[in-house]
Structure formats: C-alpha cells, structure tokens
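Reading through the structure tokens given below for one structure.
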Amino acid sequence: MKKVKPEFDSADQLSRIELYKRLDQNNPLNQGMRPYEGFNGPKKERSMTDRLCLLFLLLFFCATVFHGIVLISYGNINRISNGYDFRDEICGINGLINQPYLYYLQPSVDMNVAMCVDECPSSTGKYTCLYSIDHFTTTNFCYVQMSSTKMARYCIPKEPVSRKIVDDFLSQTEPYIKRTMSDILLSLDLIIVSIILLGASAYFLTYLLSFPSIVKFQVWGQIWLSIICFGILSYLFYREYERVIDTRCLYKIDKHQCGGDRATLFYLAWIGTAGIGLLFLFNIMKLFNKINLGISLIKTSSQIVLVLKQLRFFAIFVAFIGFVQLGYSCIVIFYGMTIGERSTVQALNINGDAVKIFTTTQIYQLSLPFQAFMILFFLLFVMSVNEMFNTYALSVWFFTKRKDVVQIPLLVVLRELLLHHLGSCVYAVFMEIFFFIPKWIFYTIYYFLSSLPQDSMIVRFIQGCCLCCLACYQNCLRYLSKHALVQVAIWSEGYSLSSRKAYFLQDRHKEKIHDLDFLIEFILFLLKLSNSLVISLPIYIYLSVSDTTLLGVKVADIESPLIPTLFVFLIGFFYVSVFQVSYDITTKSVIQLYLVDREMFYGEQRFVEDFIQKFMEFYGKKEVDQIKIKSNAQRKYNAQVVPENINKELDEQSYQSEEQEEEEDEEEEQEEELEDINLQDDNSSPELGNDYNGKNKTNAHHIVADPFQLDDASDSRSQTQWKSGTNFNK
C-alpha cells in the first residue's frame, strides 16, 4: 500500500522562534493603546493592585523583627572579633580585658587548648603555663613557647607544622566568616562616618546633574573615572593578595599553596576586576557616539527633575529608611553568628582534665541566609517604592497641559502609593530577586538562536532542545522590567498585566528606541560605580596609614582593610542608586510616556513637550539611518558573493521595496496633514476614526489630575510658556 505524506500547514513550517513572533503579532495586548473615555492623565478611580503581595510583606516584616529579637537576646557580639580560651572565656573583656589575643599552646596535639595573652610571643624556648580561674595565678600545665606572628587577634606560630594547622583551622567557613565580620565590626566608626559622607556626596553629585550645561562634562568625567576605578580596585585586590602571602607564607615557599583560600580569592578578584575593566573600556569606545545621545536624554530628564524637586527630596527619606534597615540587619547577623552551646570535652594534652569548648548552633547558622535575604529584599523594596513614587509623579506631570503651574504634593503622592500600589512594589521586588539572572541567561539563549538561520534543521533541533528555556522567556521572563511601574501608575492595573503592556509598547516602537534603555542603564551604572569607589577609597587609605580608628581600636587588629572598604563600596552603590533613581526611572518613564502619548493622540491633543519630542524623534531617526546603512552594506556584500543573475533579482526586489516604503511614507504624511487640517478647522468634537471612539480633543486640554492642583491665578498662561525646558516656573 502506498504511503501518503502528511500535509503540513504554514505554522508547522515555522521555527519555534518564528512561531513566537507570529503569536506576538496576534496578541491582544500588542494592538496599540487606546485612551479611556475622558482621558485626563493617570486614572482617578484607582484600585489596590497585587494585594496578595501585601500579605508576604507583612509576613516578612514580622519574621524579620521576631528573628532579630531572638538572635540579639541569645547572642554575644564580643565573640565576633575575639577568640575564647580553654574555659570558653572571651579574650579582651571582663577579667581578660588586658589579654585580647588568642594563643594556641600546642596546636599539633590539641587545638582546644588555647589561652588569652597580652601580646603574641616573639621568641621560642620559654615555658608558658595556663592561668588559673583568677587569670593571674599559673597552673602546673606548662608548654614550650613558640614564636608567633599576629593576624588580627590571633597568634599564628612560625613553626611550619603548627602554622599550617592553625591556618587551616582559621580558614574553615565559620572562622573565616567571623574574621570578615570582625574587620567590619572593629572599623564600624569609620564605616558610619563614611556612610554619612557618602549620602551627602551622592546627593550633591546627583544635584549637579540637574544643571544641563554641565551634564555632559560631569557624565564623561565620571565615566572615565569609573575605568580608573576598575584599575584601582584591581590594584587593591593584588595588594591584599601580596599582604596575605607575606603574612601566611613565612619562608615564601610555594606561596600559592600556603596562601590558602583567602589568597586565591584575592588573586582571582584581581584578575577578574582587571578583565571587567578592559571589557567596559572596550564597550565605552564602541558606544562612544551613542553615549552622547544617552547624555542628551539625561539632560532632558534633568530639566524635568529640576522642576519636580520632590523627586530629589523623597530620596533622602528613602536613604534614611534603607540605612536603618541595613544597620538593624547587620547587627542581627553579628549576634546570630555568636549563638551556640558550651560543652566539656577531654583535653588531649592535659592529663586527667577537661576543657570547655563553644559550638555554634546549626539552626541559627541556617537562619542567617534568611536574614541576608531580608537585607536584599527590604533594600530593593525601598528602592521600588522610590521608583513608584517618581513614576507616579512623572505620569501626572506628563499628562498635564499646563506643566509650568502643576503642583505635586509629596504627601498626597505617597498616600496614593501606600494605599493602592504597595503590593505592586513587592511584586516587582520578588521578580527582580528570583528572575533577574535567569532572565538574562534565557535572553542570551533566545537572542543567539534567533540570530541563526531559522530554516536550518540543526537550528530547529537546538531550539527543540532549549524549548523549556525559550518558553520560560517567551511567556514570563521577557516582560520583567521597571517599565511596568509606568503602566501601573497610568492605568492602576496589576504588575503582571502592566509588564506585558510595557513590553509590547516598546516592541512596537523598537526601531525608534533601539538600545536606548540599555544605554541609559549602562551610563548610570558607570556613574554609580565611580561615585561609590571615590567615597569608599578614603577608608582604605586611612586604615593603611593610621595606627588606630576614630574610637581608638588598633588598626593592626583589623586583618584586611579591604573588607570594610568593600562593605562601604556596596552600601555606597545602594545610596547612589537611591539618589540617581530620579534620573534612572525618569528616563524610563519618559520613554514609556512618550510612546503612550504617541499611540493615543495626534496633533494638538498630544501632551509631550517639545524638548522631549525633539530628542525622541532625533534618536529614532539616528537608529533608522543606522538600519539603512547596514542594509546598504549588506547589499554591497551580496554584490560580491552572490551570482549576477541572483544579484539582479535582489537589487530589483530591494529597489521595489524602497519604492513601496517611500510611497507608504508619503501616504502617511498626507493623512497626517489632512488630520491636522481637520483638527484646526473643526473645534467641536470631531470623530477621528476608530482610534478615539468618538472622543474629542477638548478632553485632552482640561487635564488636572486629582488630587494635583493648578494655580488659578496662572490659568490664563498658554502652553507656549513651556518651551524646551528653558522657562521653568516655580
């Protein structure tokens, strides 16, 4: 019997990515935006969005407070920076206040037999005896003294075998974390002063961005400073690597092995930081011209921020809340690392006697990752609230005709945010924590596979193998971005629906805003990097040249000055992000609001200001020109490699397509001219086709979003008073 070939429809002939693109074209959310009846800016009748997330916020807050109270009640923060002797008494406090250093008497036999000393032994041969309960009277248990070097508040023997044993013991996970926290705790006074200076400098540098005349010089200066910062960080890591080698490798034999994991970590950080710096330098040189365009958008945003001063003032409040939360969480972690149980064990080198040891409770160790997660969650949460506040205020400002007199009360905006959109802020934080890294991994896979020939069977086979990754990216991960907050602010809808609207809106106009979002994030990241390092570097210099901290703690007791420096650097990155969010989210909001306005309104009904429209049109024209240049280059390439008969067909097709595009552009221009003429001739509610559903242009002229008020005395001012950001009134 003859076999019949199965018939396939057109959908079966598409690759998986091509099928996804076709589904996107038919998606109901990808059909253009329409204004609601009587559109006058952000929706007045607002509803609570993502209210289920508020339950998680309440649970996390209660769990964090309860968890912190328990850990602080049972912990002893003195155990972080001090060792404890054979009786489990902490060195440097109470009766041992003059004996802060821990010395191991015979580590090759028993690591549990250790005592507190006032200084590490500098010679070998004498006998050292254990002290009695009063810490002065000596006992009969004596050992040969070993010459030692000081590492933080521990005495490390110079004898190779004993030195390796002590090094291996202190390099275990728990002692290693304790030593790192000890460096932070002992330099806490310098860290607090640095954070205060950091907040002030971050606000000042952000304030300078509000002056358009110096934005270009400031941004380029900080961009090149960020490259220098990578070099400085690389040098600091290398210096710490050499310092660890000098401390731990007494005879400089096989230094990579005797340096341990700490030296290896600094070595890899040195190489990695230098490599990342070179990669950033390459990208800066490659994107040189586009960075100038991005700076132009920052200038545009600075004109808006200059008027809406509330955007800067609210950041101060957010920074203070973040500082309190970060301090509380760090204290909880310090105490959590010191909770444990005391037990008695038989000493191996004390005949017939026992010693007391301290063992950290495992359940509290497992709870520390939860506290670290809470630090990340609440810091991102206050950042998200700040972004939502800025977005909501900008949406009201953008969709107001008389922008020179609009007033945006800070407390009213905050009330609207807390009552209706706090759940969406929590939702956005969850998405960023759990799906930020998977999103970029799956995006890389998706972008790589989409760049390959889609009719290749090998490519389709690879797409089938990666079907799970492609489906996750297509149905969920690609929608996650801060642009969703703009849609939440306008339409008062949940984060999930708003993120899809924001994605498809940008996808429909990707030729006009190609890479603009990434470009702004890249520029602002370099600004954050340079600001953070400039403020954190002085603490490293101070610890390198001074003998004591501001409170009199010996700098020699701090094992690595790089640890508090990196801690301040990370906190500084958060602080700079808080103050620069007014520019970060403003640029994103401007892009979204411009596209929304472009789709929903024409002619005089549009709300966009001239200086915003000119920039967006200029950037879009640049991107279209780049696409044409690439297509011409491809045509020249085809002329060299394609046979003449095929090349003629390609030239004819390209010529015909260019003619069709020109005809379509002319028709669109004629239609727009006719619509503008109709709008000018008819002032009484003209119907503009299906796009407006019978709405008239006067609806767009009387826009004062409640509860935001306009000054009645200035009601007669025309929109021409607001030109290119040059005539901003109070």
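Here the calculated FRET efficiency for Lys43 and Val70, from their Cβ-Cβ distance with R0 = 45 Å, stands at 0.55, rounded to the nearest 0.05. Charges on Cβ only, +1 for Lys and Arg, -1 for Asp and Glu, centred on the Cα centroid of region 82-152; of Thr138, Leu105, Phe86, which one is farthest towards the dipole's positive end? My answer, from the dipole projection, is Leu105.
Using a cut-off of 21 Å between Cα atoms, the listed pairs Lys286/Lys614; Lys290/Lys501; Lys482/Lys510; Lys126/Lys554; Lys216/Lys614 include Lys286/Lys614; Lys290/Lys501; Lys126/Lys554 as exceeding that distance. Between the C-alpha center of region 430-481 and that of region 536-582 there is a gap of 40 Å. Among rounded, prolate and oblate, which fits region 43-195 when a ≥ b ≥ c are the square roots of the eigenvalues of its C-alpha gyration tensor, a/c under 1.5 means rounded, and a/b larger than b/c means prolate? Prolate. Taken over region 12-75, the ratio of Cα radius of gyration to 2.2 N^0.38 Å equals 2.21. For region 288-354 versus region 53-106, the inter-centroid distance based on Cα atoms is 20 Å.
Note on exposure: Ser123, Ser492 ranked by accessible area (1.4 Å probe, complete protein assembly) read Ser123, Ser492, with the most exposed listed first. Rounded to the nearest 20, the Cβ-based charge dipole of region 86-224 about its Cα centre (Lys and Arg +1, Asp and Glu -1) stands at 440 debye. Relative protection proxy for 269-276, 332-339, from highest mean packing down: 332-339, 269-276 (other beta-carbon atoms within 10 angstrom). Among the GluC sites (Glu not before Pro) in region 27-118, which ones are in a DSSP loop with at most 14 other Cβ atoms within 10 Å of the Cβ? Mind listing them? Passing both the DSSP loop test and the Cβ count: Glu37, Glu45. Computed over region 189-326, the percent of Cα pairs more than 19 Å apart is 68.
Give, as a single signed number, the net charge of other residues whose beta carbon lies under 10 Å from the beta carbon of Ser481, with Lys and Arg counted +1 and Asp and Glu -1.
Values: positive: Lys439, Arg478, Lys482, Lys588; negative: Glu432, Asp517.
So the surrounding residues net to +2.
List the chymotrypsin sites (Phe, Trp or Tyr not before Pro) within region 79-139 that fall in a DSSP loop (any state other than H, G, I, E or B) and whose Cβ has at most 16 other Cβ atoms within 10 Å. Of the chymotrypsin sites (Phe, Trp or Tyr not before Pro), the ones in loops of region 79-139 whose Cβ has at most 16 other Cβ atoms within 10 Å are Phe136.
Identify the trypsin sites (Lys or Arg not before Pro) of region 28-91 meeting these criteria: DSSP loop state and at most 12 other C-beta atoms within 10 Å of the C-beta.
Qualifying residues, ordered by number: Lys44.
The values are calculated or read from the model by the stated rules, or taken from the named source; none is laboratory data. Quick caveat: nothing in here was measured; it's all calculated off a predicted structure. A quick note on method: Cβ atoms are made from the backbone with ideal geometry, for glycine too, and the neighbour counts reach across all protein chains shown. We work out accessible area using only protein heavy atoms, side chains counted, and drop any ligands, DNA or RNA first. Shrake-Rupley method; radii C 1.70, N 1.55, O 1.52, S 1.80 Å.
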